[in-house]
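Read the structure below first, then the notes.
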Amino acid sequence: MEIRNFKYIPMKIALKNLMTLKIQENIPLAPYTTFKIGGPAKYFFIAQTREDIINAIETAQELKLPYYILGGGSNLLVSDNGYDGLVIKVATAGCCQKENMLLCEAGLSLSQLIMNAQKVGLGGMEFMAGIPGTVGGAVYGNAGAWGREFGELVQEADIYKEGQIKKLSQADLGFVYRGCALKKSGGVILNIAIMLIKRRAQDIQKEVVEII
């Protein structure tokens, strides 16, 4: 496995400092999907921050290199031929509380999000228990179960599109069954805010166990 330091000078003022991306080559994608199949990515990058995500996208665009944003890899079938471009694995996983809201980054797993909510006594998303994937994927595909959908909880999201970070409201995101407006309009989810309700941790845990 070769790691190459790839230097790129972004055009955006917010990213004007020289950044170093650790680009890996010919990385098998099977371990990064729930189906555990698929060939290698020609180039592979793990984004630990939202700045990493933006910088990687701009690098690919500058080089006219195809790129793919990879979250938890659930319900993703990768060809045995792999991907002839840059795969950007979103590994951002920050999460913080603001009253009854949780502000979380796109790479946070849904299971970890539920655990974080339980720790601070916030419920309302127990119906998502057992669903694989990340927060970003759950927004993009409006994941759900038991007659409910993740989009019900999402208040707003920061996305990166056309060189800008944009804040979209729940209405802007246009949630529909197993999808949202981003599937047509484009944009990469960076972080979201979800609204929950106060609930005892033991009650949350009990319902999660029953669902799983």
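The values are calculated or read from the model by the stated rules, or taken from the named source; none is laboratory data. Note that the structure is a prediction, hence the values are computed from the model and not measured. FYI the Cβ positions are ideal-geometry reconstructions off the backbone, even for glycines, and counts take in every protein chain you see.
A few notes on this one:
- Inside region 79-110, residues that are touching a Ser or Thr at 6+ places or on another chain (Cβ under 8 Å) and free of Cβ contacts under 8 Å to residues at least 60 places away in the same chain make up a count of 5.
- The set of residues from region 126-172 being buried (at least 22 other Cβ atoms within 10 Å of the Cβ), β-branched (Val, Ile, Thr) and closer than 20 Å to ILE197 by Cβ comprises VAL135, VAL139, VAL154.
- Condition met for ALA41 (touching a helix residue (DSSP H, G or I) at 6+ places or on another chain (Cβ under 6 Å) and either within 21 Å of GLY133 (Cβ to Cβ) or assigned by TED's automatic domain parsing to the domain that holds GLY137 (or both)): no
- Residue count, region 28-80 (criterion: surrounded by fewer than 17 Cβ atoms within 10 Å (Cβ to Cβ), in contact with a strand residue (DSSP E or B) (Cβ under 6 Å, 6 or more places away or on another chain) and aromatic (Phe, Trp, Tyr)): 1
- Take the conditions (1) among the aliphatic types (A, V, I, L, M); (2) out of contact with any Ser or Thr (no Cβ under 6 Å at 6 or more places or on another chain); (3) modelled with pLDDT under 95; LEU76 misses just one of them, which is (2).
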